[in-house]
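Computed from the coordinates by the stated procedures, all read-outs in this text should not be read as laboratory data. This is a predicted model, so every value here is computed, not measured. Positions of Cβ are backbone-derived with ideal geometry, glycine not excepted, and every protein chain shown enters the neighbour counts.
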Amino acid sequence: MELKILSLNEINLAIKDEIASLLRRKPNAILGLATGSSPIGVYDELVKAYKAGDISFNEVTSFNLDEYFGLSGDHPQSYRYFMNTHLFDHVNILKSKTHIPSIDKNSEDYYETYDNKIKDHGGIDFQILGIGSNGHIAFNEPGTSFDSLTHIVDLKESTIKDNSRFFNSISEVPTKAVSMGLKSIMNAKRIVIIITGKNKANALKRLMDKGISTDFPASILHRHPKVTIYADKEAASLL
Ligand code: F6R
């Protein structure tokens, strides 16, 4: 696993550059996308690159990692809303090619068939990840099986607490979510994980210093041949 310690701005530009070169090489690439604060700067750079005429999303398909259970797509805290407002509404991606796992049996993105759908598209070429302070990736909390595919999750107290900053009160935070599994994520051909800020320093230290264990879900990434961790100085302060 490669570790790059850069400024936030350099991280955003480096990931944007990699996606831009992928899209030039393969205009119909499959992107695996994350929500949360970590990828926002990358999405801003992608929007800028699109507006400058450097990249096109016309043939791109995207698969998001996860979605809260019980929030509709127009709820400001739903991940569909997040993706629309931070990226999809500002570039020429076709909304019909943007996928977010769903618990709705009638949805074409129903979680039980989500992994097959990704496979049918040829698999994820480039996956962006963030990490939770407890080591979760997507909503795969500690204890999740390394063999997990897209599934329904009960969110841990620590994650509900971390995410409550986006809601009016902690009681409004959904307690369940739909999430790609650890195996689904490991199937991606290339993975970048963004780890920034002081509050991620312990997580980065754990990821770098200790072995692979389901207690710390992100540790499975050590087994993937093409992962880059993009960290800033604050997150790397305990290394
Ligand atoms: C979001 C996701 C989560 C976040 C993680 C970090 O789609 O999969 O695992 O990446 O909770 O969130 P931030 O980036 O807000 O610190």
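Here are some notes:
- Among 114, 68, sorting on how many other beta-carbon atoms sit within 10 Å of each Cβ, with the fewest leading, yields 68, 114.
- Across the range 82-227, the relative contact order, built from alpha-carbon pairs under 8 Å that are at least six residues apart, equals 28 percent.
- Percent RCO, i.e. relative contact order, over the range 59-137, from Cα pairs under 8 Å lying at least 6 residues apart: 27 percent
- Cα gyration tensor category, rounded, prolate or oblate, for the chain with a/c compared to 1.5: rounded
- Prolate/oblate/rounded label for the range 94-216 (Cα gyration tensor, a/c 1.5): oblate
- Exceeding the 21 Å Cα-Cα cut-off - candidates 26/117; 183/233; 26/189; 16/119: 183/233; 16/119
- For the range 126-190: rounded, prolate or oblate by the Cα gyration tensor [a/c cutoff 1.5]: prolate
- Fully extended contour minus Cα-Cα distance, from residue 7 to residue 24, at 0.36 nm per residue: 3.6 nm
- Among 84, 168, 134, residue whose mean-square fluctuation peaks in a GNM of the chain (springs only between Cα atoms under 10 Å): 168
- Residue exposure proxy: 176, 156, ordered by other Cβ atoms within 10 angstrom of their Cβ from fewest to most, comes out as 176, 156.
- Cβ-based exposure ranking for 113, 150, 159, in which fewest neighbours within 10 Å come first: 113, 159, 150
- Note: relative contact order over the range 94-147, using C-alpha pairs below 8 Å and six or more positions apart, is 15 percent.
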